[in-house]
Amino acid sequence: MKPTYEFDIIILGGGIAGMTAAIYAARANLKTVIIEKEVCGGLVNSTFQVENFPSWISINGMELMEKVLEQVEHLGVTVEQVAEFVKMELKGDLKSVETEDGLYTGKVVILSTGRQPIPLEIDTDLEQIHYCSICDGTAYKDKRVLVVGGGNSGFDEALYLLSLGIRDLTLIEVADRYFASAAAQEMLASKDRVTLLKSTRIKTINGEGRLESVLLENVATGMTEKLDVDGIFVFTGQKPNTEILQGIIELDSDGYIPATPDLSTSLPGVYAAGDVVRKAYLQITTAMSDGTIAALSSEKFLRR
Amino acid sequence: MENQHIELTDSDYKSHLQTANGIILFYKKICPHCKAMKKVIEKVAAADPALTVMQIDSESNPAAMAELGVERVPTLLLAKEGQIIQQKSGLMNARQLTALVQSS
């Protein structure tokens, strides 16, 4: 039989939203646990340089998240990392979350499960398709890389890959414009060894046991061109991590949680925070705001 | 009995591997999946005190990485009596790692 642990607040997901909520909850003397599937930090962990977080001109994302985690643990929050969810019950006054290692009960649950990268649409078994340049970029020193995605992540990660000594880098975006900040676009365009292609998508991926080339298609003209590459890095956006919440809580058609201004969800005592919430801007600072509001709303709910 | 945890380097990994039994993790310091993999290994090792855990910082030790054909991190190698019998790249959960260790 699994051990049972009782808390006031269970926070599902240890990204910046969940950790901020934990800080507020702990400071309100609420017994709090964070249950995280991987390690705390969420998507920020995969950001090489964070430059929009007030207080730091520039800081590595994982380093920043470790500082936040240190603060969370200092406040006495229980943090369960690499915890695999089994099931949860969010209705009723006492909610429960079961992992492979234990059963956690609480009067309030904050859902801050974040987002994950959208995989490449083309199905392939080749291993040279990557979603984390920090993890996998080193192997491509002096090699040719294709970056897919013209948003901030695509441009920022392309700049990081170049810093590793990539020989040639091509960045493609299927839309007819790039979505990255003007600063990032200017920075990447100024580099040697870089080709930027708008209105372009991968039509086929080619290689026997190992990636050799891709066939690129201009979606405006239909023209195709073969590009020899050694690796592909995909940054085409994220989708909400709400599969485990399907049928349990109200989600919108894209899987986001439609929360109210106090971040209540469709179930009493269940709040949402961070990138899983349907909203206009998904940033570190807006996730922190959500974490704050969700924790204060939770406190008000518990003390009602 | 407690797990043995050994940090390997380019200069000593060969001597350790000659008789190695256990897990060898290639990692990078600022790699989130590596951090998660270390946590998973900690969890699995806690339930198996006889399991030896070795790890190599791939950035500081490129020779070991090249010699053992490791291209990305995290990559986990399973060694039995000095032979590498399994190599897996990417993140695994505790259940998957336990199954891998037990199958060897």
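The values are calculated or read from the model by the stated rules, or taken from the named source; none is laboratory data. Everything numeric here is computed off the predicted structure, so don't read it as measured data. Ideal geometry is used to build each Cβ from the backbone, glycine not excepted, and the neighbour counts take in all protein chains shown.
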Discussion item. Being outside any loop (DSSP other than H, G, I, E, B), out of contact with any Lys or Arg (no Cβ under 6 Å at 6 or more places or on another chain) and more than 14 Å from chain B (Cβ to nearest Cβ) narrows it down to one residue among A:K87, A:K91; which is it?
Written reply: A:K87
Practice prompt. Please indicate, with yes or no, whether at least one residue in segment B:70-84 is away from chain A (no Cβ under 14 Å) and in a loop (DSSP other than H, G, I, E, B).
Written response: yes
Worksheet item: Looking at segment A:34-48, which of the residues that are closer than 14 Å to A:Q283 by Cα and more than 7 Å from every other protein chain (Cβ to nearest Cβ) is nearest to the chain's Cα centre (by Cα)?
Response: A:L43
Worksheet item: Looking at this structure, is A:G165 touching a residue at least 40 places away in the same chain (Cβ under 8 Å), of a type in the set (G, A, S) and assigned to a loop (DSSP other than H, G, I, E, B)?
Response: no
Worksheet item: Is at least one residue of segment A:124-137 of a type outside the set (V, I, T), under 25 Å from the mean Cα position of the chain (by Cα), within 14 Å of another protein chain (Cβ to nearest Cβ) and surrounded by fewer than 15 Cβ atoms within 10 Å (Cβ to Cβ)?
Response: yes
Practice prompt. Tell me, yes or no, whether segment B:33-47 has at least one residue that is within 14 Å of another protein chain (Cβ to nearest Cβ), closer than 20 Å to A:S133 by Cβ, part of a loop (DSSP other than H, G, I, E, B) and at pLDDT 85 or above.
Written response: no
Response to the item:
Residue set B:I56, B:I6; condition buried (at least 20 other Cβ atoms within 10 Å of the Cβ), over 17 Å from B:L97 (Cβ atoms) and in contact with a strand residue (DSSP E or B) (Cβ under 7 Å, 6 or more places away or on another chain); output residue B:I56
Discussion item. Whether any residue in segment A:97-119 is basic (K, R) and over 23 Å from A:V276 (Cα atoms) is what I want to check.
Written reply: no
Practice prompt. Evaluate segment A:279-302: report whether one residue or more is among the aromatic types (F, W, Y), buried (at least 19 other Cβ atoms within 10 Å of the Cβ), out of contact with any Pro (no Cβ under 7 Å at 6 or more places or on another chain) and in the same structural domain as A:A17 (by TED's automatic domain parsing).
Written response: no
Fill in: Qualifying residue in segment A:140-160 (condition: modelled with pLDDT under 95, surrounded by 21 or more Cβ atoms within 10 Å (Cβ to Cβ), in a helix (DSSP H, G or I) and within 14 Å of another protein chain (Cβ to nearest Cβ))
yes
Discussion item. Could you check segment A:235-269 and list, in sequence order, the residues that are part of a loop (DSSP other than H, G, I, E, B) and among the acidic types (D, E)?
Written reply: A:E250, A:D252, A:D254, A:D262
